[in-house]
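So the structure is just underneath, and the comments pick up after that.
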Amino acid sequence: MGVLRGRPGRPLLASGLLLLFAVVAFAINSVEPVIPWVVLWLPGVIAAGVLGVESRRTARTEHLPPQVRQFWGRIAVVCVPVGLGNAAQAYHVLSAPDPARAGVGAGQIVFQGIAVLLVMYALLRLPYGTQTRGELFRVVLDASTVMLACAVFLWHFSARYALEDDPRMQYPALALSLLALLAVFAVAKFLLTSQNHMAAGALRMIGVAVAIGALGPILRPLIAPVDPNLFPDMIDLPALFFCAAIATRRQRAARTGPLRGAKPVRRRPFSFLPYLAVAAVDGLLLAVSWQADSADRRIVVVAAVLLTAVVVIRQMTAFRDNGRLLQRLDHGATHDALTQLPNRVLFHERLRRAVEAPDRRPVAVALIDLDDFKEVNDTLGHEVGDQLLIAVAQRLNGCVRAEDTVARLGGDEFVVVLDGADPQAADLAAQRMIDSLRAPVSADGHELPIRASIGIADGRAGDDPSVMLRQADIAMYAAKAIPGTASLHYQPEMAGNADLGAELPGAIRDDQLFLLFQPIVALDGDRRVLGAEALVRWAHPAHGTLAPDAFIPVAERTGMIVPLSRWVLRAVLSRMSAWPAGTAVNINISARDLREPDFAETVAGLLAEHGVAPGRVTLEITESMPVEPGESLAVLRDLRDLGVKFALDDFGTGSSTLSLLHDVPVDEVKLDRSFSQAAPDDRLTVAAGVAHLAQAMSLHAVAEGVETEEQAERLRGLGYRAAQGYLFARPMPAADFEAMLPLTSVPA
């Protein structure tokens, strides 16, 4: 009873007591038959019913996978013909004139034949997992080895004696033996391939039960001389049923969920089962040959057995070496080479296993993105960036539970599978992550502060893992709006912007986008129109007119910003082709556009297609936009060589203004509205400084967001010669802007 965890249930206790009684009664009657023989047969019959109850109970355990529950339900059905077969054999033996020559009864042959077929059906219906043809072939060979070994023992200890019994029962007995061998084959295959479904402890006890069932009949010739009324079934059947009952208990107690962060159990790269079969046959061969008179035969047999042993040991050593190599290859395929965390492949597998659990337990996914990581790579080099990633990985892995899975999706994105975590537990995990990332990382002599955004998706087993990951991604981007390292749980209202991202391709295709133009005017007395800034809007069929702030960030994240920018360029240049030659237009582009190798070629082609001079187009990039060195700067220079102008938008709000002016070839700076609208004693010095800087660098300065005459006069006094804002005009349709051009446009 010590093999069990916790207190045994009543059916299991009953099965153990039946086995104990059978052993004691068998021992007593082997010395002096004082107990009625029918009593010795009863434990094998009753234990079958007890196993049926335990199997049925296991089949109703809700947390087990469906295929495992179905398997134990079928085993419960098998117990019925097994019990009837045992009762029929007991009646056959007890009613026979000579128990020594009773053999196998017709009732046992019929009922056990049915039981064997049902067992084979139950085993074959249990899925064996995804395996290659080579793996299946090796499993068949191993199972065949076990079956042949059992056949040798069955012949030597049982079948050859059956030929001497009642001739009418020889062929049915041999047919049952053959059927039993097929069942042994199915059981061997089951034991070799079912580790992914059955609990390891249950598998071991099933293996012991099968061994008892296979070895039991061969003991008949050994115990018959003691008393012809003694049969192995009196002991081996209660023992078999007791082991099977232990297997049901261990199956119910097994954890069905993935050990989320724990190291996976390392299985042997081979099974001992076929080698044990070979060793058993070798032992039988030694026992038989040792009785022979020829010493030469004994030496040859011993040498053959030793040779087999050496070959087996050599093969097992090769299997172990190959297993270690496969483990290293498997680790490389499922783990990130830099941080040694699980990679995207293993993360998806762990998340899939978590959401496929049958008990509807809570599951959470936390997506972590490092902010400003790209600046570390660009300014300090990739080696420092790698050290930062390794340090972050170690901190994240050290602040979550042992059963959680921390993985690196790629770049600076990490993800945590919190299996069994409700929203409160997920909050605690997120807070531990935030606390672990609070201290800066020391890398190559640099103290690097860490700022991260954490998005959490709460769900339950049964949810779609791809949906949960998408929700965590949406929440993570929402968390980026919070200063510092922060976390947010996904809320349904966050999905609006994500849905816009999915609808944006259709909006471009179906002409749901349209342009507005806000004039840029001179700040002198006549306030003439110098040009305009093109602004895109979305006429959404459900949400009405959407401003760029509603869909541009989504387009940036999804990569749709590139086709969106191409649409805007084509639409603006198509309008400009009919405007006076002196009309210039500012068009906003993204840093993502500058990473497209063919962007300059595309702009040149559109300019030529619509007959617009390159000097009339000014491409605006946001001052805080991360313009990458290398390819992006090369695209900028190609456009400048073409004659296209550049402007820095929202100037003064970023942290790298001077470096941008040094690195990026620009023609114009646009003062951010927060400085244009500042009170005289507030941030006006910044506006004055930008004007002086523009004058010193021969840049055209434009003030944005001008709403009052007082602001306009103050900015003109600071040196600004152009401005845009509600004071002059709100964004307007192209037709309204065109109506202003014949009166105000100045020829180039």
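For the stretch 414-491, count all C-alpha to C-alpha pairs, find those more than 18 Å apart, and express that count as a whole percent of the total.
43 percent
Evaluate the distance, in nm, between pseudo-label points positioned 7 Å from the Cα of residue 352 and of residue 512 along their respective Cα→Cβ axes.
Result for the modelled spin labels: 3.3 nm.
Along the stretch 419-431, what does the Karplus equation 6.51 cos²θ - 1.76 cosθ + 1.60 (θ = phi - 60°) give for ³J(HN,Hα), rounded to whole Hz, x for Gly and Pro?
The phi angles translate into 7, x, 9, 7, x, 5, 5, 5, 4, 4, 5, 4, 5 Hz.
In whole angstrom, how long is each semi-axis of the equivalent ellipsoid of the stretch 456-539, when you take the square root of 5 times every eigenvalue of its Cα gyration tensor and sort them from largest down?
One finds semi-axes of 41, 19, 7 Å for the stretch 456-539.
What span do the alpha-carbon atoms of the stretch 497-551 cover on each of the three principal axes, reported in whole Å from largest to smallest?
The Cα atoms of the stretch 497-551 stretch 47, 19, 15 Å along the principal axes, largest first.
If you filter the stretch 549-629 for trypsin sites (Lys or Arg not before Pro), then keep DSSP loop positions with at most 15 other Cβ within 10 Å, what is left?
Those that pass, being in a loop and sparsely packed, are 595.
Can you give the Rg to Rh ratio of the stretch 344-490, both from alpha-carbon atoms, with Rh computed by the Kirkwood formula?
Rg divided by Rh gives 0.98.
What nm distance separates the two modelled labels at residue 679 and residue 253, each placed 7 Å from Cα along Cα→Cβ?
Here the answer is 7.5 nm between the modelled labels.
Under a crude label model (7 Å from the Cα following the beta-carbon direction), how far is residue 324 from residue 91 in nanometres?
6.1 nm
Taking θ = phi - 60°, what integer Hz values does the Karplus form 6.51 cos²θ - 1.76 cosθ + 1.60 yield along the stretch 357-371, in sequence order, with x for Gly and Pro?
5, x, 9, 6, 6, x, 9, 10, 10, 10, 9, 10, 10, 7, 7
Taking the Cβ-Cβ separation of residue 460 and residue 591 as r and a Förster radius of 56 Å, what is the calculated FRET efficiency to the nearest 0.05?
After rounding to 0.05, the efficiency reads 0.90.
Excluding residue 240 itself, what net charge comes from residues whose Cβ is under 15 Å from its Cβ, given Lys and Arg +1 and Asp and Glu -1?
-2
Just to check I understand the Karplus step: with θ = phi - 60° and J = 6.51 cos²θ - 1.76 cosθ + 1.60, what whole-Hz values come out for the stretch 712-727, glycine and proline as x?
4, 5, 4, 5, 5, x, 7, x, 6, 10, 8, 7, 9, x, 5, 4
Provide 350, 395, 57, 360 in ascending order of the number of other Cβ atoms located within 10 Å of each residue's Cβ, fewest first.
Ordered from fewest to most neighbouring Cβ atoms within 10 Å, 350, 395, 57, 360 come out as 360, 57, 395, 350.
Please report 514, 111 as a ranked list, fewest other C-beta atoms within 10 angstrom at the top and most at the bottom.
Taking fewest neighbouring Cβ atoms as first place, the list is 514, 111.
Which cross-chain or sequence-distant (5 or more) residues have an amide H under 5 Å from the amide H of residue 523, H modelled 1.01 Å from N in plane?
Long-range HN contacts for residue 523: 722, 723.
Every number in this text was worked out from the coordinates using simple rules, so none of it is lab data. Keep in mind that what you see is a predicted model, and the values were worked out from it rather than measured. As a convention, Cβ positions derive from the backbone with ideal geometry for all residues, glycine included, and neighbour counts pool all protein chains shown.
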